[in-house]
Amino acid sequence: MCRGTCGSYEKTFKGGVSLAVIKAENLGFVYSAGTSFEKTALNDVSFEINEGEFVGIIGHTGSGKSTLVQLLNGLLRPTSGNIFLNGKDIWENPKKIREVRFKVGMVFQYPEYQLFEETVYKDIAFGPKNMGLGTDETDKKVRASAGFVGLREDQLNVSPFELSGGEKRRAAIAGVIAMDPDVLILDEPTAGLDPLGRETLLSQIVDYHKVRKNTVLLVSHSMEDIARIADRVLVMSEGKKVMFGKTAEIFSKGEELEKIGLRVPQITKIMLMLKKQGYNVDTGVLTVEQGFNEILSCLSGI
């Protein structure tokens, strides 16, 4: 939900061409390496994500999703392999890894637990100030990001702990997008929200992506949410990349997804069942509206 100054975030692709902004090359990560608690979280994961894409990341609990995004953000260092941001290895100079975290913004699950300043304004301003921005520029970033997530001007001067649960979540997200990252990573941003709060937050994230035109990575357990808003989907299982492709293509592989503990959106499952029964329907359907039109088209051809 874009308000007022959000146009300041507009961005065009270099030369009008979408470029690979993130490249993971044979990524591996082991927790507690060399101890009796050693556990491999990622194993030989490779992929590329283009500038401006909205990518969904799905997988069962323990599949390596959260470890992966923390590697992309530079919070964890790979045990093996490399991560490239705009063609440059992010660990080429470890002393500059902080700069990577400004360019790859990370919103953790339950980000409201990270709120700590006296006012909402100060919390949102924390990132831009640490980037070394001046007072005027910081103020623009704060108000623009607050507008993106639907926070009112009068809410900026209150304590973040006076906000509702959904408003706290939005304030925390505003603090990340205020740094104007090239890549925004959201790890289960709607966890714990009621249906209305979840829908509102997702629509604001989609609006932000449309205006900012940056790259967004969304980790979610909701197959319906990913199906509706992602351009491509990365599927993780047991620390490995098992699929990566266009959203409709991924969800058309319902049986394969269910074998690794994931469920496809309900409407897609209905299409797969109809296909098995001999109806000539598109199994890449992702929304109820698309399913309705597909069934009408199929019936009209009988």
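The values are calculated or read from the model by the stated rules, or taken from the named source; none is laboratory data. What you are looking at is a predicted structure, and each value in this text was computed from that prediction instead of being measured. A quick note on method: Cβ atoms are made from the backbone with ideal geometry, for glycine too, and the neighbour counts reach across all protein chains shown.
Does region 264-302 hold any residues that are part of a loop (DSSP other than H, G, I, E, B) and exposed (fewer than 13 other Cβ atoms within 10 Å of the Cβ), and which are they? Within region 264-302, GLN277, GLY278, ASN280, GLY301, ILE302 qualify.
Only one of the listed residues (GLY245, GLY254) is at pLDDT below 85, in the same structural domain as LEU151 (by TED's automatic domain parsing) and either in contact with a strand residue (DSSP E or B) (Cβ under 8 Å, 6 or more places away or on another chain) or not hydrophobic (A, V, I, L, M, F, W, C) (or both). That residue is GLY254. Of MET236, MET179, all but one fail to be in contact with a helix residue (DSSP H, G or I) (Cβ under 9 Å, 6 or more places away or on another chain) and either of a type in the set (Gly, Ala, Ser) or farther than 19 Å from ILE124 by Cβ (or both); the exception is MET236. Filtered by the rule that a residue be under 24 Å from the mean Cα position of the chain (by Cα) and on the phi > 0 side of the Ramachandran plot, region 125-159 gives a lone residue, GLY150. Filtering PHE126, PHE84, PHE116 for residues that are in contact with a Gly (Cβ under 8 Å, 6 or more places away or on another chain), surrounded by fewer than 20 Cβ atoms within 10 Å (Cβ to Cβ) and of a type outside the set (Ser, Thr, Tyr) leaves a single hit, PHE126.
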